[in-house]
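The values are calculated or read from the model by the stated rules, or taken from the named source; none is laboratory data. Please read all numbers here as calculations on a predicted model, not as lab measurements. Here Cβ is always computed from backbone atoms with ideal geometry, including for glycine, and neighbour counts include all displayed protein chains.
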Amino acid sequence: MAATIAGQEAAGRPEAADPILSFRAVIKRFGGATALDGVDFDLYPGEVHGLVGENGAGKSTLMKILSGVHTPDAGDIVLRGQSVRFASSADAKTHGIGMIYQELACMASLSVAENVFLGRQPTTPLGIVDWRRMRREAAEHLAVLGMNLDVTAPMGSLSLGAQQLVEIARVVFSGADIIVLDEPTSALSGPEAERLFTAMAGLKARGASLIFISHFLEDVLAVSDRVTVLKNSRKVATLPREGLTKHRLIELMLGHEADALAESYEAGIALPPLAAGRPTLEVRDLIAPGVAGVSFTVREGEILGIFGNLGAGMTETARVLFGRLTPTSGDIRLGGQPIRPRNPAEARNLGIAYLSENRRATLFPRHEIYKNITLAHLDHLLGPIVRQPAEVVIATQSIRRTGVRPASPMLPAGNLSGGNQQKVVLAKWLTRQPKLLILNEPTRGMDVGAKREVLDLVQALKAEGVAILLLSTEPETVLAESDRVLVMSKGRITREFAGERVSKNLLMAHA
């Protein structure tokens with residue numbers, strides 16, 4: 001098998017002269033843990049190179065070395081024929097390295113033009129910002145990416161997909177010719193993703209080299225010339241896209257578990273008969289910003305899935321239930337009692353937990369894992385005097401239950417992979433078991449292995465009688481995990497599925 005992979009790697013190498021970027025036997029350790037173990041990686045001019053692997057496989061560490069965040073412990077990095085070591089992110093930028101992160105770094109209150117030229121606004125001879133030139137050139141830069149935007153509009157008024165393209169324009173026209181896109185399609189609708197792919201093709205045609213990191217394997221296969229697979233901190237293979245299948249990628253990523261996980265990843269399912277449990281949550285005629293008269297019930301020990309595209313109203317519904325958005329009208333009952341939580345603290349006291357779609361908003365990356373897990377429950381769990389040993393004991397139990405890796409409560413949460421950070425956020429809510437658990441995009445940006453681990457935890461909570469509301473723009477996840485499915489579009493429920501066979505295409509047709 002190794003000889004076969006080697007032959008495929010050789011066949012898939014571009015005929016272009018030399019790589020623009022090469023990693024050779026790169027090693028990176030954090031304490032006693034090896035994050036990269038002798039990894040090789042090449043990027044050629046005008047190439048889109050896909051990078052896949054489970055959470056913790058080493059993808060993020062490799063790219064943090066490229067962007068100057070980390071320094072390798074051993075190995076070589078060759079950029080345009082020269083051996084390099086970046087001292088900082090700014091140093092990497094001066095060498096033409098641009099990063100587009102999953103959580104965008106744009107400034108919502110500034111205009112589109114200001115975001116395109118963030119930190120490098122053109123000035124007049126008098127040293128003041130040349131607003132006219134900045135707006136003109138911003139419009140020109142965006143037009144190259146196929147975008148016709150009002151560059152004077154606030155960045156926050158754009159869709160997430162448009163914001164992402166603006167950020168790409170900022171990186172490209174700051175001089176970057178090596179661009180890393182980290183999970184760029186995880187929060188995009190289908191049309192937005194297609195627009196991104198078109199922009200990537202245009203950049204490639206202009207000679208830029210792109211590294212595309214994603215857990216959406218279909219997207220990787222759609223845009224990449226070659227794909228590198230990492231597993232357990234090592235490179236498994238680099239293969240040409242031609243003839244490569246999603247199942248083959250999963251097989252390389254996960255080994256002997258591939259068949260079962262591939263089946264769950266495909267996620268076609270017949271929904272079970274309607275559950276007979278007592279209602280935990282009852283929502284009637286809910287109206288709020290982005291929500292237009294929604295009604296539904298979630299029962300004890302039931303997972304109610306809600307599927308929709310971005311802007312369908314799912315997040316707004318969840319925010320009302322968790323006290324983050326005030327409804328205009330409607331009736332909400334928890335355990336038969338009317339409720340109207342005015343803030344998240346009140347919602348928590350009622351027994352409602354909310355796993356946000358944005359990990360960054362609920363995680364304190366510089367603080368230890370144990371603090372992230374216990375912070376929301378200190379008054380209930382530990383009383384008026386907080387003692388670190390007691391906190392660590394409680395957090396360690398949740399760490400074991402959720403399978404956070406590395407399982408060290410003292411490690412800063414920001415050192416974990418995205419999937420393990422999501423487990424920490426989930427562990428926080430398992431510390432004090434809720435009546436209702438709202439999961440908004442619980443597997444966003446996660447590989448199939450980590451996704452399965454998190455969803456197994458969700459199924460265990462269901463078995464213990466917790467009512468679960470699962471919101472996702474991933475139809476596979478909703479179909480695989482839900483007892484019933486609602487579809488939302490433009491703030492309304494357009495269809496309910498229960499006790500019948502449902503396909504991905506049917507869900508998307510009603511969204």
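Structure data summary
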item	result
Residue within segment 217-237 that is among the hydrophobic types (A, V, I, L, M, F, W, C) and under 17 Å from ASN309 (Cβ atoms) present	no
Within segment 421-511, strands (runs of 3 or more DSSP E) holding 3 or more residues that are crowded, with 24+ Cβ neighbours inside 10 Å, out of contact with any strand residue (DSSP E or B) (no Cβ under 8 Å at 6 or more places or on another chain) and not acidic (Asp, Glu)	none
Residue in segment 343-360 that is farther than 29 Å from LEU507 by Cα and without any contact (Cβ under 8 Å) to a residue 12 or more places away in the chain present	yes
Residue match in segment 195-206 (condition: in a loop (DSSP other than H, G, I, E, B) and crowded, with 21+ Cβ neighbours inside 10 Å)	no
Failed condition for GLY308, given (1) within 17 Å of ARG495 (Cα to Cα); (2) modelled with pLDDT under 95; (3) surrounded by fewer than 15 Cβ atoms within 10 Å (Cβ to Cβ)	(3)
Test: GLY56 is modelled with pLDDT under 85 and in a loop (DSSP other than H, G, I, E, B)	yes
Of the criteria (1) crowded, with 19+ Cβ neighbours inside 10 Å; (2) modelled with pLDDT of 95 or more; (3) of a type outside the set (S, T, N, Q); (4) more than 30 Å from ARG492 (Cα to Cα), which one VAL283 fails	(4)
Qualifying residue in segment 132-142 (condition: touching a Pro at 6+ places or on another chain (Cβ under 9 Å), free of Cβ contacts under 8 Å to residues at least 12 places away in the same chain and farther than 20 Å from PHE23 by Cβ)	yes
Qualifying residues in segment 371-411 (those that are in a loop (DSSP other than H, G, I, E, B) and closer than 14 Å to LEU430 by Cα) - the one modelled with the lowest pLDDT	GLY403
Leading residue by the ranking (modelled with the lowest pLDDT) among those in segment 216-235 that are part of a loop (DSSP other than H, G, I, E, B) and among the small types (Gly, Ala, Ser)	SER233
Test for VAL294: is it buried (at least 16 other Cβ atoms within 10 Å of the Cβ), modelled with pLDDT of 95 or more, under 28 Å from the mean Cα position of the chain (by Cα) and more than 26 Å from LYS423 (Cα to Cα)	yes
Tabulated pairs, segment 155-169, first at negative phi, second surrounded by fewer than 18 Cβ atoms within 10 Å (Cβ to Cβ) and of a type in the set (Ser, Thr, Tyr), C-beta under 8 angstrom, 6+ apart or interchain	MET155/SER109; GLY156/SER109
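To keep it simple, each residue is scored yes or no on (1) under 18 Å from LEU43 (Cβ atoms); (2) modelled with pLDDT under 90; (3) under 18 Å from the mean Cα position of the chain (by Cα).
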position	(1), (2), (3)
VAL171	yes, yes, no
ASP177	yes, no, no
VAL180	yes, no, yes
GLU183	no, yes, yes
LEU203	yes, yes, no
